[in-house]
There are 2 protein chains.
Amino acid sequence: MLSSSKHRIEQIEMAHGAGGKATRRLIEGLITPALANPVLESLSDSALLTVEGTRIATTADGFVVKPLRFPGGSIGSLAVHGTINDLAVSGARPIALMSALILEAGLSGEVLEREIAAMAQACANAGVHIVGGDTKVVEHGMADGMYITTFGIGIVDERLTLGAQNLRCGDRVLLSGPVGDHGITILLARGELDLEAEIESDTRALTPLVDALCASAAPGLRWMRDPTRGGVATVLNELARDCGMAIVIEEEAVPVRDVVRGACEILGLDPLHIANEGQFIAIVAPEYADAALSALHAVAGGEEAALIGEIQASPPATVLTRTRYGGTRIVDMLVGDPLPRIC
Amino acid sequence: MLSSSKHRIEQIEMAHGAGGKATRRLIEGLITPALANPVLESLSDSALLTVEGTRIATTADGFVVKPLRFPGGSIGSLAVHGTINDLAVSGARPIALMSALILEAGLSGEVLEREIAAMAQACANAGVHIVGGDTKVVEHGMADGMYITTFGIGIVDERLTLGAQNLRCGDRVLLSGPVGDHGITILLARGELDLEAEIESDTRALTPLVDALCASAAPGLRWMRDPTRGGVATVLNELARDCGMAIVIEEEAVPVRDVVRGACEILGLDPLHIANEGQFIAIVAPEYADAALSALHAVAGGEEAALIGEIQASPPATVLTRTRYGGTRIVDMLVGDPLPRIC
């Protein structure tokens, strides 16, 4: 029996926040139809506007990571880096951030102070200011310590025109560094797994890497995105769908740390589905690929950047990996939520 | 015994979110010192930036109102109006909003759909779009249904230069309509008080009223603000502190509905401390005051606008009300949090 409410969402599940298929269903099925307007149709968490002839990018991101603090970072640094990175992969130089805090009664002043300091430090490192914000308090137990939402505004680099519609067959897929560090770090930090390993979140501002990429390859830069929730696989599936072409990844070319690979094997997860907080994927015209890679290798934190695949005509709207033995497999978007509240 | 940790915040209390003294202490004592920068020093939830010569205003606001739905509105409409109003009282015409949702697992799809529709309707009424956003999901019980943070960006009216430093003795205090409707509506909607009354939240976009004010009195407009959390008293105290002058309010001139006055008497509250979500206070040069008032009276929803007081030289940095019997009393900022989670 078909019914118009076939895709109706009965209730919100954790998977609706995982960044994969359920999130897309929530956003496409319920949110964007109601809010429909020309800018929103891109479904992106950043939006491009033109203000008196200047192209600006704006972005909004909520952070609910658990635990608040983890090896390599904390909710405060994540909230700043995440927003800077959304702007960076939109081709925009951040000019200001704003931040809205939802705190729960009983949160220790020390924890709050530490997270504000983490935000300040992340801003100072990236050369950007928080220019305003808001603070709300809810009852104890109603915000798991604290949630942070950050907004960013940036000026778009005039050299760039990014978009899925720019992709051509033969374009190369460039990844800034190893995948899965953030997601696995959070997982281990929760102590739910009886595993200990030397691993840190990759949370960082991508601006220096994106600057180097633009300086070396701006005319050949087609598209950028940071593979956070849902990982590289989800972001590439969204791109494949948007451009209608095939994205073929060489499995062996994707940098993955042993710890991440090991944890994924134990859990039955694919490292391509694990969240990153300090990496980007760029699609680059083939004639600029080597220059772009060399430029990233020359920047601190870009040493492990790699060309991991290319755009092909078919199969349409599909992401494939080619294994070391020459076989191929289809890589789907993230389904379900193996790692809730990762950011 | 003096100690440097005298003002240290041991833990977050509900009062830190009430918009009064405790909020100011939290923001001035802990947040702004760490994030210090020239734009943030104004402590406002909106910030003015200059982008390639164009003055833009940005604002961020979190919404945690309880219950989600109340007479006259809901969290969705509130989240849109609140952000539009922050821009309006900054003298800015909104050009785009963004919205970040924090949903809890188990929230019914119907409730979410209803709130998204409320946001869409509020946007349509105000002629502004939500151009992007973000959706996160936390475990059941961790977000009391849903929280919404909205971010707005607007272009500042070139005719306006607003700021506490512009105030002169003799300037008039203009209020757009009756005070306390929103706060008392929320209080009654919670059913904690054994009171029933015909009252609705005043949640609405202030843009039409502010437009009329600017058209009639732009050269004489010194300052505007919407008295939300902490009410008229808190906003005027902040202004008095910032300008160093006295603000003298004629108690009888302040429009207050009987229901609000009655509820306040029962609860021992001052209507000047109750939150509003659809009112503004403007400081206007005396020679423009009558034109401004007439202009507001001519706009739908502005019929009850009133001139409620004036700026005087002394006592410095103080808000006074003059009673109908000729006495005066000092009106302080809100202390504590009589009505938590009002917005």
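The values are calculated or read from the model by the stated rules, or taken from the named source; none is laboratory data. Predicted, not measured: the structure shown is a model, and the values here were computed from it. All Cβ positions, even for glycine, are placed from backbone atoms using ideal geometry, and neighbour counts span all protein chains on display. Note: accessible area is taken over every heavy atom of the protein model, side chains too, but ligands, DNA and RNA are not part of it. Shrake-Rupley method; radii C 1.70, N 1.55, O 1.52, S 1.80 Å.
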### Query
For region B:164-330, what is the relative contact order in percent, using Cα pairs closer than 8 Å and at least 6 residues apart in sequence?
43
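Calculate the dipole size of chain A relative to its Cα centre from +1 charges on Lys and Arg beta carbons and -1 charges on Asp and Glu beta carbons; express the result in debye to the nearest 20.
Working: 26 positive and 43 negative charges, 163 e Å.
The dipole magnitude comes to about 780 debye.
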### Accessible area per residue, Å², region B:28-110 with all protein chains present, probe 1.4 Å
29
### Message
Per-residue Cβ counts within 10 Å, from other chains only, averaged over A:152-163: what number is that?
### Response
1
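Counting only helical runs of four or more DSSP H residues, what would the 222 nm mean residue ellipticity of the protein assembly as shown come to if each run contributes -39,500 (n - 2.57) and the total is spread over all its residues? Let's see the in-between values first.
On the way: 18 runs with 196 residues, N = 686.
Mean residue ellipticity, 222 nm, calculated: -8500 deg cm²/dmol.
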### Loop-located GluC sites (Glu not before Pro) in region A:229-285, at most 13 other Cβ atoms within 10 Å (DSSP)
none
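Excluding ligands, DNA and RNA, what is the accessible area buried between chains B and A, summed over both sides, using a 1.4 Å probe, to the nearest 100 Å²?
Values: alone 16120 and 16120 Å², together 25830 Å².
Result for this pair: about 6400 Å² buried.
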### Task
List the distances, in nm to one decimal, from the label point of B:Arg261 to the label points of the same position in every other copy, shortest first, placing each label point 7 Å from Cα along the Cα-to-Cβ direction.
7.8
### Task
Between copies, how far apart are the B:Glu196 label points? List them in nm, one decimal, shortest first, with each point 7 Å from Cα toward Cβ, please?
6.3
### Task
For the protein assembly as shown, compute the number of Lys pairs whose alpha carbons are separated by less than 28 Å, excluding pairs fewer than 8 positions apart on the same chain.
14
### For region B:167-255, the fraction of alpha-carbon pairs in successive 5 Å shells from zero, as %
3, 10, 19, 20, 20, 13, 7, 5, 2, 0
### Query
Relative to the other copies, what are the label-point distances for B:Glu287, with labels 7 Å from Cα along the C-beta vector, expressed in nm at one decimal and sorted shortest first?
6.6
### Message
On the Cα set of region A:164-330, report Rg and Dmax in Å, please.
### Response
15.5, 48
### Query
Using Cα pairs under 8 angstrom and six or more residues apart, how large is the relative contact order of region A:48-156, in percent?
44
### Task
Averaging sequence separations of C-alpha pairs under 8 Å and six or more residues apart, then dividing by the length of chain B, give the relative contact order as a whole percent.
24
### Message
Can you classify region B:267-343 as rounded, prolate or oblate using the Cα gyration tensor, where a ≥ b ≥ c are the square roots of its eigenvalues, rounded means a/c under 1.5, and otherwise it's prolate if a/b beats b/c and oblate if not?
### Response
oblate
#### Entry: Percent carbon-and-sulfur accessible area, the protein assembly as shown, ignoring ligands, DNA and RNA, probe 1.4 Å
50
### Query
Cα centroid distance between region A:165-196 and region B:188-238, in Å?
47
### Task
Provide a list, ordered by number, of residues in region B:303-343 showing at least 20 Å² less accessible area with every protein chain present than when their chain is taken on its own, using a 1.4 Å probe.
B:Arg341
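Using the Kirkwood radius over C-alpha pairs as Rh, can you work out the diffusion coefficient of region B:60-195 via Stokes-Einstein at 25 °C, viscosity 0.890 mPa s, in µm² per second?
Diffusion coefficient, whole number: 147 µm²/s.
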### Task
Could you size up the charge dipole of the protein assembly as shown around its Cα centre, putting +1 on the beta carbon of Lys and Arg and -1 on that of Asp and Glu, and report it in debye to the nearest 20?
580
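In peptide A:56-68, how many Cβ atoms from other protein chains are near each Cβ within 10 Å, on average?
If you average over the peptide's residues, the count of other-chain Cβ atoms is 6.
Counting pairs of Cα atoms in the protein assembly as shown, how many percent are more than 37 Å apart? Walk me through the intermediate numbers first.
Working: 88748 of 234955 pairs.
Tail of the P(r) past 37 Å holds 38 percent of the pairs.
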### Task
Report which residues of region A:10-40 become buried by 30 Å² or more of accessible surface when going from the isolated chain to the complete set of protein chains (1.4 Å probe; DNA, RNA and ligands ignored).
A:Gln11, A:Ile12, A:Met14, A:Leu30, A:Ile31, A:Ala34, A:Leu35, A:Asn37, A:Leu40
### Query
Rg (Å, one decimal) plus Dmax (Å, integer) for the alpha carbons of chain A?
19.6, 59
